[in-house]
1. Tell me, yes or no, whether segment B:161-174 has at least one residue that is in a loop (DSSP other than H, G, I, E, B), within 14 Å of chain A (Cβ to nearest Cβ) and open to solvent by less than 40 Å² (accessible area, probe 1.4 Å).
2. Within segment B:141-149, can one find any residue that is at pLDDT below 95, assigned to a loop (DSSP other than H, G, I, E, B) and touching a Phe, Trp or Tyr at 6+ places or on another chain (Cβ under 7 Å)?
3. Specify the residue that is nearest to the other protein chains (Cβ to nearest Cβ); the eligible residues are those in segment A:37-56 that are within 11 Å of ligand 2 (Cβ to nearest atom) and not charged (D, E, K, R).
4. Among the residues that make up segment A:63-73, is at least one of them within 25 Å of residue A:173 (Cα to Cα) and not small (Gly, Ala, Ser)?
5. Can you tell me which residue within segment B:202-218, out of those that are of a type outside the set (Ser, Thr, Tyr) and under 19 Å from residue B:152 (Cα atoms), is surrounded by the fewest Cβ atoms within 10 Å (Cβ to Cβ)?
6. Given (1) among the acidic types (Asp, Glu); (2) under 17 Å from residue A:13 (Cβ atoms); (3) within 17 Å of the chain's Cα centre (by Cα), where does residue A:126 come up short, assuming only one miss?
7. Quick check: is even one residue across segment A:201-221 open to solvent by 20 Å² or more (accessible area, probe 1.4 Å), away from every other protein chain (no Cβ under 14 Å), among the aliphatic types (A, V, I, L, M) and farther than 24 Å from residue B:137 by Cβ?
8. Tally up the residues in segment B:176-196 that are more than 16 Å from the chain's Cα centre (by Cα), closer than 18 Å to residue B:161 by Cβ and part of a loop (DSSP other than H, G, I, E, B), please.
Amino acid sequence: MAKVIVVTSGKGGVGKTTSSAAIGTGLALSGAKTVVIDFDIGLRNLDLIMGCERRVVYDLINVINGEANLQQALVKDKRTPGLFILPASQTRNKDALTKEGVEKVITDLKADGFEYIICDSPAGIEQGAMMALYFADEAIVTTNPEVSSVRDSDRITGMLSSKSLRSEQQLSPVKVHLLITRYCPERVQREEMLSIEDIDDLLGIDLVGVIPESQEVLNASNMGEPVILNTDSDAGKAYQDAVDRLMGIERELRFVKFEKKGFLSRLFGA
Amino acid sequence: MTLKSLNFSLLVVAVETEDLSQLADELNKRRIMAPDFFQYAPVVVHVENDTANLDFLRIREIVTENGFILAGVSGELSDSQKEALHADKIAILRRSKRQASKEVVVEDKPAEVVPEEVAETATFIANEVKTKIVTGRVRSGQQIYAKECDLVINGDVSAGAEIIADGNIHIYGTLRGRAIAGAMGDQTASVFCRVLAPELVSIAGVFKLSEGLPHEHLGKSCIVSLRNGQPVIETLN
Ligand SMILES: Nc1ncnc2c1ncn2[C@@H]1O[C@H](COP(=O)(O)OP(=O)(O)OP(=O)(O)O)[C@@H](O)[C@H]1O
Ligand SMILES: [Mg+2]
């Protein structure tokens, strides 16, 4: 059964697009045909992070308006087989994002054999965000370890339980996963950041992953290569763990404890 | 933009005579009792006299002066009353035959009003006394109102969430948001909670903000009630 997964947060800039790209890539690497849809109309950047910006011709709004068909608009990823991107429009009006239009796109993607449909939500709780979450079967609520991000995640989680198709039709509720990003164990230790336990206490959502704060993420976006492909990096490994957990494989949490560097390693700058 | 049917709980105030001073008194009383919940709250004026020559524009003024918004007028209206309402562009609300829905979570405060449906949950007679039970977390932005009864929340109430009851409120979890008990003015109402860390607790319109809470009660199991019109917090054991 095809799964529609929204990556959402309420608050902006917490790592939704980074996570959509990494998780979409990870799922495709497992052999499942996967598409990542950019719902951030007017602020398209999924294509940049996935490194396919120079191959974008048509976009989601073109498909909704019938100006292009799905096959024309889907951008095939060059590195990962079975991975596709449906870019957002940079120029169109967001109002073009209608429920009927999005429904048709998702139905067609399912008919086309896609197993995972990842919806990269824009920030906020306006139309774009509502359309990104409306058809979701599962949600990855992306949160940074700070109070305002947690508050917004709480808000969007409430909306998943009242504004989604599943809630309106009283089907089994959207399965919500918590993804903590930009986690910095050292700052948690110094009590400058909320800990995993604090966040769990405030949100009560099942944890699917904790991605450490990492320079590798910035490098990866600059190169247009999802960080999960950097299998040497902590962030890449943490995203792989999250993908595995999404697919039901148990993985121990990593990179969440602060380890003081020893004298020697400090000396040699390791 | 699609038009949907939604249910809303609305405050209903009765008008029996042409003398509108009672209406003003009643609204003022309710506003004082639960200022947070009632500020800009929509109000239905229920006309209980179809022979009265009512000044509906004045009614709307009184409603507005008291910090409410007139959602419409209901009741067994005479033709001339209906004409006057049409002329004044005030909605006439009819009660639906359908049962009031069990829906408890209202996402945001009602922004649109669909007149036909509005009166559906507008109850004029006190319901049978029953407790409203909500299982699970109440999240930021959600609002729950237990009309004319007690409210039990079996879970945490997040910061930014608002739970309101005309009776008592019981929270089997942590209260981080707002709890408003005795919303219609019942001074004997109380808030019980397992862990007290609220943004605001109000009993019959008398409220305490988190700032004003004594430190020794924060994070504890507590009862908040009124004594001589003042909020009192006691530890629950
Ligand atoms: N684990 C991380 N470590 C360091 N930087 C990160 C991490 N995750 C994301 N970032 C950085 O945070 C910024 C915002 O990330 P991203 O664009 O993915 O967020 P977003 O939630 O999609 O934002 P928007 O709400 O604008 O769509 C980017 O510069 C990204 O490189
Ligand atoms: Mg983004």
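1. Of all residues in segment B:161-174, those in a loop (DSSP other than H, G, I, E, B) come to B:161, B:166-168.
Those still in the list that are within 14 Å of chain A (Cβ to nearest Cβ) too: B:161.
Still in the list and also open to solvent by less than 40 Å² (accessible area, probe 1.4 Å): B:161.
Yes, some residue in segment B:161-174 is in a loop (DSSP other than H, G, I, E, B), within 14 Å of chain A (Cβ to nearest Cβ) and open to solvent by less than 40 Å² (accessible area, probe 1.4 Å).
2. No: zero hits.
3. Residue satisfying both the conditions and the ranking: A:39.
4. Looking only at segment A:63-73, we keep the residues that are within 25 Å of residue A:173 (Cα to Cα), and these are none.
No; the residues of segment A:63-73 include none that is within 25 Å of residue A:173 (Cα to Cα) and not small (Gly, Ala, Ser).
5. B:204
6. Only one criterion in (1) among the acidic types (Asp, Glu); (2) under 17 Å from residue A:13 (Cβ atoms); (3) within 17 Å of the chain's Cα centre (by Cα) is unmet by residue A:126, namely (3).
7. yes
8. Number satisfying all stated conditions: 2.
The values are calculated or read from the model by the stated rules, or taken from the named source; none is laboratory data. For clarity, every value in this text was computed on a predicted model and none was experimentally measured. Note that each Cβ is placed from the backbone with ideal geometry, even for glycine, and that neighbours are counted across all protein chains shown. These accessible areas exclude ligands, DNA and RNA; they are computed on the full protein's heavy atoms, side chains included. Shrake-Rupley method; radii C 1.70, N 1.55, O 1.52, S 1.80 Å.
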